[in-house]
Amino acid sequence: MNKHSIITIIAIIIIIIPFAHSGMSILGVQQLEYRWDNPGQFSFFAMSNSGEMEFCNTIPFWTSFQKFEVATFYDTKHLGSFVVNPTTINPLSSTVQGGIFSSEEIAAAQHNFMTLDFEFDGGDIRLDPNKFMIVIRADMPIIGIIPFSTTTQMTGFDFDKKMNSENLTCG
């Protein structure tokens, strides 16, 4: 091989690596498993006081996200969001990351959360649990500049079961 061929091959590899990492992060975030750091002890009220989530990367490549947001809605009204800041997770491993809950009306959000936690634990129904929705959004820029996000919507009850899950694939 001559000198120009080697330089061309190195340049192509350098160009491909950021796109490959971004593509793997998109795939990884879609396969990402997560739960509350203390399995079986999750409550929406505890989440409203901030806390930690455990993330499990189930693929054999590094996974990164810029922001992981759990937005809570009751009857289409935004109650608040729990946000985990940027992180990179090693292949086939888990990590615990802290998050911060923010809301424009924290007292109202916490009241709704306490009521719904009571209902999900078998208490009397005071608020319609079918109107409580969770939207999970993960942001990860492609090659650091092109915005990309993935969004998942689920019921509050399903999210509660997921956060209280005892088993993760890598745990």
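When residues in region 69-87 are screened for being modelled with pLDDT under 90 and within 15 Å of the chain's Cα centre (by Cα), 1 of them pass. Cβ separations smaller than 6 Å between residues 6+ apart or across chains give the following pairs from region 155-171 residues that are closer than 21 Å to N130 by Cα to residues that are open to solvent by 40 Å² or more (accessible area, probe 1.4 Å) and in a loop (DSSP other than H, G, I, E, B): N164/G40.
Only one entry in L116, L168, L127 is in contact with a helix residue (DSSP H, G or I) (Cβ under 8 Å, 6 or more places away or on another chain), at pLDDT below 90 and either open to solvent by 60 Å² or more (accessible area, probe 1.4 Å) or assigned to a loop (DSSP other than H, G, I, E, B) (or both), namely L127.
Limited to region 1-30, what total is found for residues that are closer than 22 Å to T150 by Cα and open to solvent by 90 Å² or more (accessible area, probe 1.4 Å)?
3
Being open to solvent by 40 Å² or more (accessible area, probe 1.4 Å), in a strand (DSSP E or B), in contact with a strand residue (DSSP E or B) (Cβ under 7 Å, 6 or more places away or on another chain) and of a type in the set (S, T, N, Q) is a property that T72 lacks.
Within region 92-112, can one find any residue that is in contact with a Lys or Arg (Cβ under 8 Å, 6 or more places away or on another chain) and either assigned to a helix (DSSP H, G or I) or open to solvent by less than 40 Å² (accessible area, probe 1.4 Å) (or both)? Within region 92-112, none of the residues are in contact with a Lys or Arg (Cβ under 8 Å, 6 or more places away or on another chain) and either assigned to a helix (DSSP H, G or I) or open to solvent by less than 40 Å² (accessible area, probe 1.4 Å) (or both). Scanning region 31-42 for residues that are within 11 Å of C56 (Cα to Cα) and either loosely packed, with under 13 Cβ neighbours inside 10 Å or not charged (D, E, K, R) (or both) yields a total of 3. Quick check: is even one residue across region 132-142 open to solvent by 40 Å² or more (accessible area, probe 1.4 Å), farther than 14 Å from E33 by Cβ and without any contact (Cβ under 8 Å) to a residue 60 or more places away in the chain? No: region 132-142 contains no residue that is open to solvent by 40 Å² or more (accessible area, probe 1.4 Å), farther than 14 Å from E33 by Cβ and without any contact (Cβ under 8 Å) to a residue 60 or more places away in the chain.
The values are calculated or read from the model by the stated rules, or taken from the named source; none is laboratory data. For clarity, every value in this text was computed on a predicted model and none was experimentally measured. Quick reminder, even Gly has a Cβ in these numbers, built from the backbone with ideal geometry, and neighbours come from all protein chains shown. When the accessible area is computed, the model is the full protein with side chains, heavy atoms only, and any ligands, DNA or RNA have been set aside. Shrake-Rupley method; radii C 1.70, N 1.55, O 1.52, S 1.80 Å.
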